[in-house]
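Structure first, commentary second.
The values are calculated or read from the model by the stated rules, or taken from the named source; none is laboratory data. These numbers come from a predicted model, not from an experiment. So basically every Cβ, Gly included, is an ideal-geometry build from the backbone, and we count neighbours across all protein chains shown. When the accessible area is computed, the model is the full protein with side chains, heavy atoms only, and any ligands, DNA or RNA have been set aside. Shrake-Rupley method; radii C 1.70, N 1.55, O 1.52, S 1.80 Å.
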Amino acid sequence: MPLTAGIVGLPNVGKSTLFNAITKSQVEAANYPFATIDPNVGVVEVPDQRLWKLSEIYQPKKTIPTTFEFTDIAGIVKGASKGEGLGNKFLANIREVDAICHVVRCFDDGNITHVSGGINPQDDIETINLELVLADLESVNKRYEKAVKMAKSKDHDAVTEANTLKKLKEALEAGKPARTVDFNEEEEAVAKQLFLLTMKPVLYVANVSEDDASDGDNDYVNQVRQLAQAEGSEVVVVSAKLEEDLATMDEEDRDMFLEDLGMDQSGLDVLIQQAYKLLGLATYFTAGEQEVRAWTFKKGMHAPQAAGIIHSDFERGFIRAETVHYDDLVEYGSIQACKEAGRYRSEGKDYEVQDGDVMLFRFNV
């Protein structure tokens with residue numbers, strides 16, 4: 001099952017508009033709460049200039065970007081943890097994603113209603129975070145008393161679980177997300193098995209007006225940055241409306257429009273790249289006359305498992321991976337030149353694949 005980043009936020013902050021732009025699809029983006037009831041899933045290409053540079057070198061018949069998934073989840077309101085505003089369904093949708101892109105409204109527009117009656121990014125973030133914390137606290141409390149009783153037996157695993165739940169309970173009761181808790185290695189493993197909502201990594205998406213898109217700054221955005229910094233999260237600034245307009249343009253017009261705005265790349269490109277990293281994903285490449293292709297892998301993956309992404313036979317019959325890094329290939333201009341410079345390597349089963357590796361897998365089944 002592919003990893004997916006879920007787009008969440010209060011109603012009418014621009015989630016569905018952003019999702020439309022990301023996937024170039026048209027889900028309903030109406031000006032009223034709960035316009036999105038069922039989560040929409042879209043597969044997006046990951047912008048990566050390295051792929052096109054490799055394509056220039058190899059001149060293949062096909063060039064194929066890598067992809068991953070975004071899920072658009074309906075707006076959450078205060079009381080969601082108790083079922084308000086279809087809260088149970090929405091929280092269940094969040095539970096199924098691997099990371100959260102939290103869209104925060106950072107623009108004024110009297111024509112678009114705000115569920116709280118006014119624009120306050122800090123309150124908006126805290127509203128959603130509190131609902132996720134309360135949902136997690138309910139899950140932890142259900143297990144805590146039983147874990148404490150089991151720990152009296154002095155069984156090591158039971159003690160570890162009880163200690164983990166105690167730390168989580170204290171943090172959640174203080175309104176802090178589970179991802180901010182300091183665990184040792186064993187406790188971390190226990191915490192991951194709980195599948196808590198606030199354990200998921202978060203990227204804050206500050207949705208600004210079209211006028212603020214180029215400099216990416218206003219007082220609302222600064223509020224989001226301060227809160228994100230306090231919990232060790234990142235912020236990406238986008239104008240969802242602008243990005244939706246850009247998505248309808250052809251590539252040449254889009255590039256000219258961005259240049260007129262003084263932007264090197266769209267906010268969406270940055271968002272997709274940052275969400276990709278948030279999921280712990282990286283890219284390796286395969287390259288030849290027939291095809292240059294980018295492949296998504298999980299950071300820390302070894303060569304046989306990375307080969308298995310292409311085909312299970314590659315993993316089952318893995319012999320070695322002939323490898324050169326993208327930077328070296330671009331610097332020297334060809335595989336042969338890399339070999340002569342000693343930059344081309346033969347890696348075995350224990351090799352940990354690196355972002356930017358260009359690989360040829362040898363296998364036998």
When both residues are 6+ apart or on different chains and their Cβ atoms are under 8 Å apart, which pairs have a first residue that lies in the stretch 104-120 and is in a loop (DSSP other than H, G, I, E, B), and a second that is buried (at least 18 other Cβ atoms within 10 Å of the Cβ) and at pLDDT below 70? VAL115/GLY75; VAL115/VAL77
Do the conditions hold for ALA230, that is, is it surrounded by 17 or more Cβ atoms within 10 Å (Cβ to Cβ), closer than 25 Å to GLY9 by Cα and not basic (Lys, Arg)? no
Only one of LEU134, LEU165, LEU130, LEU172 is without any contact (Cβ under 8 Å) to a residue 60 or more places away in the chain, in contact with a Phe, Trp or Tyr (Cβ under 6 Å, 6 or more places away or on another chain) and surrounded by 14 or more Cβ atoms within 10 Å (Cβ to Cβ). Can you tell me which? LEU165
Looking at this structure, is ALA240 open to solvent by 70 Å² or more (accessible area, probe 1.4 Å), small (Gly, Ala, Ser) and out of contact with any Lys or Arg (no Cβ under 7 Å at 6 or more places or on another chain)? no
Please verify whether the stretch 344-352 includes one or more residues that are under 24 Å from LEU3 (Cβ atoms) and in a strand (DSSP E or B). yes
Considering residues that are part of a helix (DSSP H, G or I) and either touching a Leu at 6+ places or on another chain (Cβ under 8 Å) or open to solvent by 50 Å² or more (accessible area, probe 1.4 Å) (or both), the number found within the stretch 175-187 is 5
So ALA247 clears everything in (1) open to solvent by 40 Å² or more (accessible area, probe 1.4 Å); (2) under 30 Å from TYR58 (Cα atoms) except one condition, right? Which one? (1)
Within the stretch 315-332, track down each residue that is open to solvent by 50 Å² or more (accessible area, probe 1.4 Å) and not β-branched (Val, Ile, Thr). GLU315, ARG316, ARG320, ASP327, GLU331, TYR332
Test: ILE119 is buried (at least 21 other Cβ atoms within 10 Å of the Cβ), of a type in the set (A, V, I, L, M) and modelled with pLDDT of 70 or more: no
I'd like the full set of residues that are at pLDDT 85 or above and not hydrophobic (A, V, I, L, M, F, W, C), limited to the stretch 21-57. GLU45, PRO47, ASP48, GLN49, ARG50, LYS53, SER55, GLU56
Only one of VAL358, VAL365, VAL292 is among the aliphatic types (A, V, I, L, M) and open to solvent by 80 Å² or more (accessible area, probe 1.4 Å), namely VAL365
Restricting to the stretch 250-284, name every residue that is on the phi < 0 side of the Ramachandran plot, in contact (Cβ under 8 Å) with a residue 40 or more places away in the chain, open to solvent by 50 Å² or more (accessible area, probe 1.4 Å) and over 13 Å from the mean Cα position of the chain (by Cα). LEU261, GLN265
Return the residues of the stretch 299-342 that are over 25 Å from the mean Cα position of the chain (by Cα), charged (D, E, K, R) and more than 16 Å from LEU54 (Cβ to Cβ); say none if nothing qualifies. ASP313, GLU315, ARG316, ARG320, LYS339, GLU340
Find the residue count for the stretch 333-348, including only residues that are open to solvent by 100 Å² or more (accessible area, probe 1.4 Å) and within 21 Å of THR296 (Cβ to Cβ). 0
Being under 26 Å from THR4 (Cα atoms) and either in a loop (DSSP other than H, G, I, E, B) or in the same structural domain as ASP109 (by the TED database) (or both) narrows it down to one of VAL236, VAL190, so name that one. VAL236
